[in-house]
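Notes follow once the structure below has been shown.
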Amino acid sequence: MKSTRPPRYARHRFPAEVISHAVWLYFRFPLSLRMVEEMLAARGIQVSHETVRKWAMKFGQSFANQIRRRLPTPGDKWHLDEVAISIAGQKHWLWRAVDQHGVVLDILVQSRRNAKAAKRLLRKLLKKQGMAPRVMVTDKLASYGAAKREIMPGVEHRQHRGLNNRAENSHQPTRRRKRIMKRFKSAGWAQRFLSVHDQIANLFRRPANTNAADHRMARAHAFRVWAEVSGFAPGL
């Protein structure tokens, strides 16, 4: 009897489990498109890296949106930070917000590092989270203070470089991916890729001080959520 294919994979030549697995590999691990192509080829699946890219663009954001809705409510302390990235030879700024547990709340790629850019980030966060934080922690960039006073005047704001290590550390996976990918092609592509990448990283994140048994339980839960959003658990 012929198996029923999930509607989202209709009219695709490759089986749904192959597409789901390729998207998971690309966003979950620091792999280039060609590396994913080679890993699939090792299992007898002949697919081009360009096809993997199209699958990532078509399905990645949808998967990320569903993962976001299934994750626990984020913490009430937001750590905000920005880091310079080069895109097509031009300096851009990657703004990122994480909660006190290290869960990435959102990212925003912008060409500026000023109060207007900080306001855009805060508005985006409030829209996505649906509520303001109890505390906002940043470095000493004055733009954060100006944006906070206008957008979230009642929120406690702590500005100290040493307090913001959690946000600064959250940039490390992005730096690894950028080295593997050589570069981001455009600000729009960086925004789309990192929006998906960070949500999948949230799902499979291993919290600090977790024992092996708890980690296995959390990982099994992450695989179940991935199976729900994609239609198939990772693995071929």
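Consider ALA88 carefully, then state whether it is at positive phi and either at pLDDT 95 or above or small (Gly, Ala, Ser) (or both). Criteria met by ALA88.
Take SER186 and tell me if it is hydroxyl-bearing (Ser, Thr, Tyr), surrounded by fewer than 17 Cβ atoms within 10 Å (Cβ to Cβ) and touching a residue at least 12 places away in the same chain (Cβ under 8 Å). Even if it seems obvious, please write down each step before you answer.
Values: hydroxyl-bearing (Ser, Thr, Tyr): yes; surrounded by fewer than 17 Cβ atoms within 10 Å (Cβ to Cβ): yes; touching a residue at least 12 places away in the same chain (Cβ under 8 Å): yes.
So SER186 passes the test.
Tally up the residues in region 11-24 that are closer than 17 Å to GLU228 by Cα and of a type outside the set (S, T, N, Q), please. Give the derivation first.
Quick first cut of region 11-24, residues closer than 17 Å to GLU228 by Cα only: 15-24.
Now drop any that are not of a type outside the set (S, T, N, Q), which leaves 15-19, 21-24.
Total satisfying the criteria: 9.
The number of residues in region 13-37 being over 23 Å from LEU194 (Cα atoms) and exposed (fewer than 15 other Cβ atoms within 10 Å of the Cβ) comes to 1.
If a residue must be more than 18 Å from PRO234 (Cβ to Cβ) and part of a loop (DSSP other than H, G, I, E, B), how many such residues does region 29-42 contain?
We begin by selecting, within region 29-42, every residue more than 18 Å from PRO234 (Cβ to Cβ); these are 32, 34.
In the following step, the residues that additionally are part of a loop (DSSP other than H, G, I, E, B) were identified as 32.
Selection size over region 29-42: 1.
Kindly indicate whether any position in region 143-165 is modelled with pLDDT of 90 or more, closer than 23 Å to SER86 by Cα and not polar (S, T, N, Q). Within region 143-165, one or more residues are modelled with pLDDT of 90 or more, closer than 23 Å to SER86 by Cα and not polar (S, T, N, Q). Restricting attention to region 189-207 and to residues that are assigned to a loop (DSSP other than H, G, I, E, B) and touching a residue at least 24 places away in the same chain (Cβ under 8 Å), the residue that is nearest to TRP24 (Cα to Cα) turns out to be ARG205.
The values are calculated or read from the model by the stated rules, or taken from the named source; none is laboratory data. As the structure is a computational prediction, the values presented were derived from the model and not from experiment. With ideal geometry, Cβ positions are generated from the backbone for all residues, glycine too; neighbour counts draw on all protein chains shown.
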